[in-house]
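So the structure is just underneath, and the comments pick up after that.
The values are calculated or read from the model by the stated rules, or taken from the named source; none is laboratory data. Note that this is a predicted model, so its numbers are computed, not measured. Ideal geometry is used to build each Cβ from the backbone, glycine not excepted, and the neighbour counts take in all protein chains shown.
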Amino acid sequence: MKTNVGVVFGGRSVENEISVITANQAIQAMDREKYNIIPIYITKEGKWYSGEALFNVANYRDTKKLLSMCEEVYMKPIYGDNNLYRTKKGFFQKEVVATLDVILPALHGTNCEDGTFQGVMEFSGIPYTGCNTLASANGMDKITMKMILKECGIPVVDYCWFSDKEWDDKKEATVERIEEKLGYPVIVKPANSGSSVGIRAAHNREELLDAIDYAISFTSRVIIEKYVQKLKEVNCAVLGNYYECQPSVCEVPVRSGEILSYQDKYMNGGGKQSQGMQSTVREIPANLPEESTKFIQNAACETFRALSCDGVARIDFIIDEATGEIFVNEINTIPGSLSFYLWEYSGINFGTLIDKLIDIALRRKQDAGFKAVNYGENIFAAGNSGGAKMGGKMGGKFGK
């Protein structure tokens, strides 16, 4: 029997369109002899749709028309219910669109890649590919990620962070702290955005103020990093789980300015339709000394393990060419195009990559079944059900 795979993409995210491209690429690579593919598109407003029209990426040029050719669907947050339901059922239609065996999230950015969607899947108990809720949340938040990596001895550039409320109340003190700890130039980033959205370099106080105001328009927390002026960016993907994983070959993405921009990543198709991260101009495999390549691949795997990742992730590095130091910049827990281009250079084609991701997801679900989810005792059925603190009844301030 074929495996029913729900490919979920879109979402309430500034990376909605990039997610559509990733999903389309994954769907094209999937073996139709093995899988029944059920496309599930989440709109920017958060509504879910399914239908054959979602398979044609050209249809997304007119979203309103596209959705008119699809039907709105939903899932119930009930453990063990793997069904995808119609919101509106016709007279001769079944309520269930499909029963899903596994979910493949091709989602990017906030409200999608940050553990939000993964938590919904955990609630329903449906196996899904990629990182779990905790790894997704920690990987998406650049502040938390750097705290964890630094604690594990994995090198990251110097940084400081603050909230939007702190910026409103203590702007002068915050600027002074940044200048004292990091100096100029710096990179200003929203703590939880992806695809280089909201990121700017600042070389003086005026640019810093503008960059922070811009970053805060995307997020409630901002991270400021020491800017490595003579830098080379290197990416390496990792495949596996938190106890067994392998690195891909490395790549050097080519940037047009000081930072690798959204346009560099997705709009370098020479006037053609964007192919997601495949559109990036890159040097692959990266022309690096063997020692540097091994260091990056090892650090990529250590980052993957430290954050308890599963599936495929891409870890982005910075090399300070002035000093030779190598730093982890960030992790992408659902990388653009699922980094299939890196795996093809590593001897794993896109179809095989999808097979491996689904296998990892199903094995994770199987392993979770051996873990206790309750203690097996009912304290209310015990003789002293009230317990010492409750005095035998639902008393106290909240029990009256």
Original post:
Does residue 51 count as on the phi > 0 side of the Ramachandran plot and outside the structural domain of residue 335 (by TED's automatic domain parsing)?
Top reply: yes
**OP:** Give just the number: which of (1) assigned to a helix (DSSP H, G or I); (2) modelled with pLDDT of 95 or more; (3) among the hydrophobic types (A, V, I, L, M, F, W, C) does residue 286 not satisfy?
**Re:** (1)
Subject >> Odd one out for residue 367 among (1) assigned to a helix (DSSP H, G or I); (2) surrounded by 14 or more Cβ atoms within 10 Å (Cβ to Cβ); (3) of a type outside the set (Ser, Thr, Tyr) >> reply: (2)
Subject >> Boolean, residue 346 is surrounded by fewer than 23 Cβ atoms within 10 Å (Cβ to Cβ), over 15 Å from residue 138 (Cα atoms) and assigned by TED's automatic domain parsing to the domain that holds residue 148 >> reply: yes
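To keep it simple, each residue is scored yes or no on (1) within 17 Å of residue 368 (Cα to Cα); (2) outside the structural domain of residue 14 (by TED's automatic domain parsing); (3) buried (at least 22 other Cβ atoms within 10 Å of the Cβ).
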position	(1), (2), (3)
77	no, no, no
80	yes, no, no
85	no, no, no
89	no, no, no
92	no, no, no
96	no, no, no
108	no, no, yes
116	no, no, no
122	yes, no, no
Subject >> Residue check for residue 130: assigned to a loop (DSSP other than H, G, I, E, B) and either of a type in the set (Gly, Ala, Ser) or assigned by TED's automatic domain parsing to the domain that holds residue 311 (or both) >> reply: yes
**OP:** Please work out which one of (1) touching a Leu at 6+ places or on another chain (Cβ under 7 Å); (2) not assigned by TED's automatic domain parsing to the domain that holds residue 240 is the condition residue 148 fails and give its number.
**Re:** (2)
Original post:
Are there any helices (runs of 4 or more DSSP H) wholly within the range 134-223 with 1 or more residues that are hydrophobic (A, V, I, L, M, F, W, C) and without any contact (Cβ under 8 Å) to a residue 40 or more places away in the chain, and if so which?
Top reply: 142-151, 171-181, 205-216
Original post:
Any idea which of (1) surrounded by 15 or more Cβ atoms within 10 Å (Cβ to Cβ); (2) at pLDDT below 95 is the one residue 387 doesn't satisfy?
Top reply: (1)
**OP:** Looking only at the range 131-150, decide whether some residue is within 23 Å of the chain's Cα centre (by Cα), over 30 Å from residue 183 (Cβ atoms) and modelled with pLDDT under 95.
**Re:** no
Original post:
Out of curiosity, is residue 143 outside the structural domain of residue 360 (by TED's automatic domain parsing) and of a type outside the set (Ser, Thr, Tyr)?
Top reply: no
Original post:
Do we find that residue 113 is of a type outside the set (A, V, I, L, M, F, W, C), under 23 Å from the mean Cα position of the chain (by Cα) and in a loop (DSSP other than H, G, I, E, B) in this structure?
Top reply: yes
**OP:** Within the range 196-204, identify whether any single residue is out of contact with any Leu (no Cβ under 7 Å at 6 or more places or on another chain) and of a type in the set (Ser, Thr, Tyr), and answer yes or no.
**Re:** no
Subject >> Within the range 307-326, tally of residues that are outside any loop (DSSP other than H, G, I, E, B) and surrounded by fewer than 21 Cβ atoms within 10 Å (Cβ to Cβ) >> reply: 3
